[in-house]
Amino acid sequence: MVKGMIYAIIPTYNRKDMLRNCLNCLKMQDYRKFKAIVIDDGSKDGTSEMLKKEFKKVDVIKGDGNLWWAGAINEGIKKVLKICGNDDYVLLLNDDLIFGKDYMDKLIESAKRFPNALIGSVVICKDKNIIFDGGMRRNWTAPKWVMNFGKPLSAFPKRHYENVNTLTGRGVLIPINVFQKIGLYDTIHFKQGGDIEFPARARLHGYNLVVCYNLIVRCNSDATFATNDKKIYKLNQLKDYFFNIKSNYNIKYRFWYAYKTSRTLFHAITYFIWDMARTSLNFLRKLRF
């Protein structure tokens, strides 16, 4: 029997309208045993005023613009750890996600079905029935394998799920005991990108990772996936590709992911070499002079 509180943690920065849509989805939930916590990392677009006026019951933590994703999430978790019970959960939500009014109910159903697990959601964009992210698996030869990409969601039964070896931050339910056991998100090595490292680390500590196909979130694709993964690159973009804080291909992130989520040093080195070969080839094949 799942009886805990769900603490929904939402980091945001200058995306007032998207945040409003996300919070309105929470406001409409049939399941009411939850608390929303927004970490506003120095927004200057009126986010603070909007929250005070329209969402007075939402707890707000303010940052100075230097928290980034992992730091903002950790501030929310620290607050939760001071007030939570042992049966409670953290739900990670990006501010550009929207979902149905039965989303929390389905989270509770999934928590009953998969105890001792971190549970992810299926991400859809643009077309309401086409899967953008049905879960991720990573291995030596395929550093990122997005499952069931481009397939219709209707092709899968409602109780379908996938076992994965990492998760993102887009609709992930995490038992509070995970943080009590393995700590918080790694802000030293990951300002961005720490969302996939933490679940993989949890998996090494014996937790299961699953994506449930009855948990569906829709995202603003232009906002969520506006990374440096372009169709064409110029040579002067090489530095940003490998070293920019916001880059998915940042060498530092790639190295520390390999090191912290591998069981042996040999595995970490092998994974990192394959990963860098793949990301370098991605740049080279899109390079135009």
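Readers should treat all values here as calculations from the given coordinates under stated rules, not as data from a laboratory. Values in this document were obtained by computation on a predicted structure and should not be read as measured data. As a convention, Cβ positions derive from the backbone with ideal geometry for all residues, glycine included, and neighbour counts pool all protein chains shown.
The table below lists the values:
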| read-out | value |
| --- | --- |
| Unsatisfied cross-links (Cα-Cα over 22 Å) in the set Lys181/Lys260; Lys35/Lys79; Lys27/Lys151; Lys33/Lys112 | Lys27/Lys151 |
| Using alpha-carbon coordinates, inclination of helix 265-285 to the longest axis of the chain, degrees | 80 |
| Exposure proxy ranking, count of Cβ atoms within 10 Å, fewest first, for Cys22, Cys219 | Cys219, Cys22 |
| Over segment 6-224, relative contact order from alpha-carbon pairs under 8 Å, at least 6 apart, % | 25 |
| Convex hull of the chain built on C-alpha atoms - directionally averaged projected area, nm² | 15.1 |
| Exposure proxy ranking, count of Cβ atoms within 10 Å, fewest first, for Asp64, Asp41, Asp105, Asp59 | Asp64, Asp105, Asp59, Asp41 |
| Net charge contributed by nearby residues that have their C-beta within less than 11 Å of Asp186 (K/R +1, D/E -1) | +1 |
| Principal-axis tilt of helix 194-204 within the chain, Cα atoms, nearest 10 degrees | 90 |
| Cα-based helix-to-principal-axis angle, 16-27 vs the chain, degrees rounded to 10 | 50 |
| Qualifying aspartates and glutamates (Cα of each under 20 Å from Cα of Lys239; at least 8 residues distant if same chain) | Asp229, Asp275 |
